[in-house]
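Participant: First the structure, then my questions, so here it is.
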Amino acid sequence: MIINLMKRKKNRTVSFLCLMLGIATLISPALFGEESIIPLVQEAGFSYYKPEVKIAPNADIYVAYQRKNNASSHGDIYLTKYSREGIVSFVKNVSESTKPSYEPELEITPTGDIHVAWVEKSGNTHIVRYRSFDGTTWSQIYTMGQVDNSKNIEDLRLAVDTDGNAFIVFMYWPIAQCKFISKYGNTITIENFPMAGRQKHPDVAVDDNYVHIVWQYKPGAEYTIGYQRRPNSPHSAWDPWIDLRFYETQRPRMALDTNNDPHVVFFHDLGATRKLWYKKWNGTKFADNHLISNPEKFESYHFCDIDVEDPGNILASVQSGRTTAGQGIYYSWKKQGVWTPYSMVGNSEGAGAQSMDLAADGEGAVIAFGLGTYSLNLAIMGQINPSMGLETIFTHPTVFAGSEVIFDASGTAGLNPNQPIVSYEWDFGDGTIETTTASTISHTYSTYGLSLPVKLTVQSNTGAKGYAKEDVQIHALFGAVVTSVVSKRIRSLFFNRAANELSWIANPKNVDAAYPAITKYEIWRAVSSTVPSGDQYTLIAEVDADVLTYLDYNGVMDNTTYNYNVVSVDSEGHKSPFGNN
């Protein structure tokens, strides 16, 4: 479904009753003007700070914010949704803490997963928290790091890559230092920014190859804007820092385009007033200086933001005036390579902190802002179209390590009859990425006991894309349990041989896991002068599943110790890995 907002004159006034949290309210988008102002929440006795807005791939709009009880000063991190059907609804108290929480940050991935970070205050300790939602279940709340004896954490920013790895930056004040946090799987690392010196107001972005940071930096007498990147892998080294070479500058924000090149907006400090400037990376340096704010009017600005979908489609926004009660939200929109005039969002007089997101196709945008601190509002401009485009599904049987498994996305074609699928890109979560024109593909996993994210990206002949993701558990059969190995001698008129009689039982774990029935066993042998590796074993026999003993005498030597592995084989041909008992 498309949210199609009819354009009307901006000065038309539309009034609404304030919405209480938890009440779903239907709002018809056709009622609004060029910038449709939608009240999200207002409650007596509560204040609202730092709204962060993102558009989900299905065109639902989410806003995370701090909801503060004026009487107790206790703050929680709340999440509210404006659906593509025009319904405002409360989603969740994300922080779920008895401790006051503040500084929310929100990210939504192309697969629709929601990620939220925030700060929890306990005495003089400020703890960075994080959790995510995969469409069905909220994750646990992770502790990402903390600082002690600081006045506050400010400018907490979050970026999440396509594998679900999370990256957080923040400034702690009044020390004026920045921290970088990475979360790869369940491994969390917190570290100082790579450059020494006074650091303020950081931002972070990520793509599959690099993590990017930008911040206000004072290497000498004047502030400038610093930029660095590093490979998107744990404990990698940062590339040398790049000076944007624009001095007495402040509060940068950054976004990546479809080529993963960074675009930055920042303030030029003129004392009592500021200008908002824009620069982009051209492959060798940051260039293309563009003045976003009104060139005829110098104002005091706060809370700028930027989003980029491709190099010719950029939106920058800024709050004019004081921190909590300004003179309006302004924006400039680059469409098809041409910047639109610097314009004010209608009915945003008195606006405080603001956040913005640009729709993936560039046809629409949203800005969340507070009117003072007593209400939150949403401005919608243009059309907010679903960016997933193609409905995408794939299926697979139970995945066993060491066995070929077929992943099947043929159902996707039936869901998109008017959009022929021309490519299927599979990311199997183990470092293997393959692109085919066929809807099915085989893959074999070498390790077991893991849950790996399998991601499918499809593209049609019109360029539309679709995404599907599933965390796939890599299973393994359990080997038989060896109960005894007894040395014997086999004698006849013609020979006197050393032998070992091997006994085992069926492993009950295969039944507990509801794996297919075991049909046979393979007996493998290795000389055990040391603990042998798998390739030192030799297959010496196969027996049916009802056989639980085996007399091994072929090639058995006197005064030699042997190791045995009895490998389970099920009715589908899966085999238990060595040592998985």
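Participant: Let me have the relative contact order for the chain, percent, based on Cα pairs under 8 Å that are six or more residues apart.
Facilitator: For the chain, the relative contact order is 9 percent.
Participant: Round to a whole angstrom and tell me the spacing of the C-alpha centers of region 138-156 and region 234-313.
Facilitator: 26 Å
Participant: P(r) for region 242-330: what percent of alpha-carbon pairs falls in each 10 Å bin, starting at zero?
Facilitator: Pair shares across the bins are 17, 51, 27, 5, 0.
Participant: What are the principal axis extents of the Cα atoms in region 399-475, in Å, biggest first?
Facilitator: Between the extreme Cα coordinates on each principal axis of region 399-475 lie 40, 18, 16 Å.
Participant: At most 14 other Cβ atoms within 10 Å and a DSSP loop assignment: could you name the chymotrypsin sites (Phe, Trp or Tyr not before Pro) in region 469-502 that fit?
Facilitator: Qualifying residues, ordered by number: Phe494, Phe495.
Participant: So what's the gap between the Cα centers of region 35-81 and region 358-423, to the nearest angstrom?
Facilitator: First find each Cα centre; the distance between them is then 24 Å.
Participant: Also, I was wondering about something else. Once you have the alpha carbon radius of gyration of region 327-411, what is it after dividing by 2.2 N^0.38 Å, with N set to its residue count?
Facilitator: Against the empirical 2.2 N^0.38 Å value, I get 1.80 for region 327-411.
Participant: Give me the orientation-averaged projected area of the Cα convex hull of region 481-570, in nm², one decimal.
Facilitator: For region 481-570, the mean projected area of the Cα convex hull comes to 6.6 nm².
Participant: Further question on the same structure: Rg and Dmax of the chain, Cα atoms, in Å?
Facilitator: Just the Cα atoms of the chain yield Rg and Dmax of 30.0, 112 Å.
Participant: Short version: ³J(HN,Hα) in whole Hz for each residue of region 333-347, in order, from phi by Karplus 6.51 cos²θ - 1.76 cosθ + 1.60 (θ = phi - 60°), x for Gly and Pro, what are they?
Facilitator: Karplus values, whole Hz, x for Gly and Pro: 10, 8, 10, 6, x, 10, 6, 7, x, 4, 10, 9, 5, x, 6.
Participant: Right, something else. Going toward the positive end of the dipole of region 481-570, with +1 on Lys and Arg Cβ and -1 on Asp and Glu Cβ, which of Ala506, Phe495, Leu548 do you reach last?
Facilitator: Result: Phe495, furthest along the dipole toward the positive end.
Participant: In whole Hz, what ³J(HN,Hα) sequence does region 268-280 give by Karplus (6.51, -1.76, 1.60; θ = phi - 60°), x for Gly and Pro?
Facilitator: 9, 7, 10, x, 6, 10, 9, 10, 9, 10, 10, 9, 9
Readers should treat all values here as calculations from the given coordinates under stated rules, not as data from a laboratory. Fair warning: this is a prediction, and the values are worked out from it, not measured in the lab. Positions of Cβ are backbone-derived with ideal geometry, glycine not excepted, and every protein chain shown enters the neighbour counts.
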